[in-house]
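Below: one structure, written as C-alpha cells.
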C-alpha cells in the first residue's frame, strides 16, 4: 500500500485525481491542471508537500557533519532560520539528492529531502553520521504545505494569529521562522514568492481548509511540475541523479569551494571534473515548431545525437513547448533539432529559466 500524507482525506473530499508518486498517494490535479498552474502565476495556489521528508540533525558536531555531508557550506548560515540549497553527493560527485537545510543553532539543523529518495537519503545520512557526534531523526509528526503565488503571502497571513503575523512579517527570501505551531519558510519550487509551512500533522487538514476559505487554490503534482520547469528548477531523477554531478546540472553555484581546507563528500571527484571540464551541461530549449518536447527525446545537430531532453512540457504561461536537456559541453549552437516522435523539430537554445514571477523570459 502507498503512503498517505496527513492531508490525504482533504484531497479525496475535493475529488482530486490520486496517483502514486514515489510510493505516496498524491493529488495529480483537482480538475484543470492548467487552471491550477495559472492560479499560482496570477494569484495563490497551494500544494501538499507532506510527502517530503523532514530530518532533524542535532548534536555537538552537527555543524562539522553538515559541512562534510553537503557540497554547499552551512558555515555561511549565521542567522537562525536561514536556509541553504545544496546537493548531497556520493564519493564520485554524483547527486544523491538535492535538499534545503535550515540553520536553527550550531547544534541543530533541519533538512527537507525529496520523497522518492527518502530511504537512500536517510541511509546515507546515517552512514556519514557514524564519523560524528550527531543524531539523525526523521519527523513523522508533521504536514507540509507550500503556498505560492503573488498573493500567497497575504492570503497565508490572513489565517494566522496576530502573534504569528508579527513573527513572519519581515521574513526575507530563504529564511524561516517558528511562528507558534507553524514553521514558516519563505521558499518554494515554482518561481513565485510564497511560503513552505510545516504544521503539526494533527492540524494539517484544518490548516489546509482555512487556506481554501482564504481563497488559496489547491493544486496537484501536474501543476507543480509545469511551474518548476518554467522556473528552470531541477527535478531529482530527471534533471540530475547519482550519475550526474552538480557541474552537469546547473548546480555549480551550490558548490562552496572555499575555504579550500574544508573537505566534503565528493569534493575530490568534483575538483577533477572542474579541472578537466564537465563532459555535459544542462541547457534550456524552446520549441519553434508545433509539438511537445518530452523527457528522453534526442537532441540532434548535423545528424549527430548531442544530448537528451531531461524534462519537457507545454508551458501554460508562455504557450510554447519548453524543455531542459543535457548535452555535450562543447555544444554552442543557438538552434538544435529535437526528435519528437518521427520528426526532427527545430528548437532554440536558451538559458534554462523560462518564467520568473509570472513573466516570460523567452
How many residues does region 1-51 contain that are assigned to a loop (DSSP other than H, G, I, E, B) and crowded, with 20+ Cβ neighbours inside 10 Å? 8
Within the group 228, 224, which residue is surrounded by 20 or more Cβ atoms within 10 Å (Cβ to Cβ), within 13 Å of the chain's Cα centre (by Cα) and in a helix (DSSP H, G or I)? 224
Considering region 317-327, residues that are more than 18 Å from residue 295 (Cβ to Cβ) and touching a residue at least 24 places away in the same chain (Cβ under 8 Å), and then whichever is surrounded by the fewest Cβ atoms within 10 Å (Cβ to Cβ), we arrive at 318
Just checking, does region 100-113 include any residue being farther than 20 Å from residue 135 by Cα and buried (at least 20 other Cβ atoms within 10 Å of the Cβ)? no
Scan region 84-97 for residues that are crowded, with 20+ Cβ neighbours inside 10 Å and under 20 Å from residue 54 (Cα atoms) and jot them down. 84, 86, 87, 88, 89, 95, 96, 97
Among the residues in region 87-101, are any farther than 21 Å from residue 238 by Cα, in contact with a strand residue (DSSP E or B) (Cβ under 8 Å, 6 or more places away or on another chain) and assigned by TED's automatic domain parsing to the domain that holds residue 209? yes
Only strands (runs of 3 or more DSSP E) wholly contained in region 258-349 count here; list those with 2 or more residues that are in contact with a helix residue (DSSP H, G or I) (Cβ under 9 Å, 6 or more places away or on another chain). 280-287, 304-314, 321-328
Which one of 172, 120 is surrounded by fewer than 19 Cβ atoms within 10 Å (Cβ to Cβ) and within 20 Å of residue 251 (Cβ to Cβ)? 120
Out of 180, 204, report the one residue that is assigned by TED's automatic domain parsing to the domain that holds residue 8, crowded, with 19+ Cβ neighbours inside 10 Å and touching a helix residue (DSSP H, G or I) at 6+ places or on another chain (Cβ under 9 Å). 204
All conditions in (1) surrounded by 13 or more Cβ atoms within 10 Å (Cβ to Cβ); (2) out of contact with any strand residue (DSSP E or B) (no Cβ under 9 Å at 6 or more places or on another chain); (3) over 28 Å from residue 121 (Cβ atoms) are true of residue 271 except (3)
For region 158-169, check the following and say yes or no: at least one residue is out of contact with any helix residue (DSSP H, G or I) (no Cβ under 6 Å at 6 or more places or on another chain) and in contact (Cβ under 8 Å) with a residue 40 or more places away in the chain. yes
Residue check, residue 303 against (1) assigned by TED's automatic domain parsing to the domain that holds residue 254; (2) free of Cβ contacts under 8 Å to residues at least 12 places away in the same chain, all met but one. Which one? (1)
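The values are calculated or read from the model by the stated rules, or taken from the named source; none is laboratory data. In this text, all values refer to a predicted model and were calculated from it rather than measured experimentally. Because the Cβ atoms are built from the backbone with ideal geometry, glycine has one as well, and the counts that use them run over all protein chains shown.
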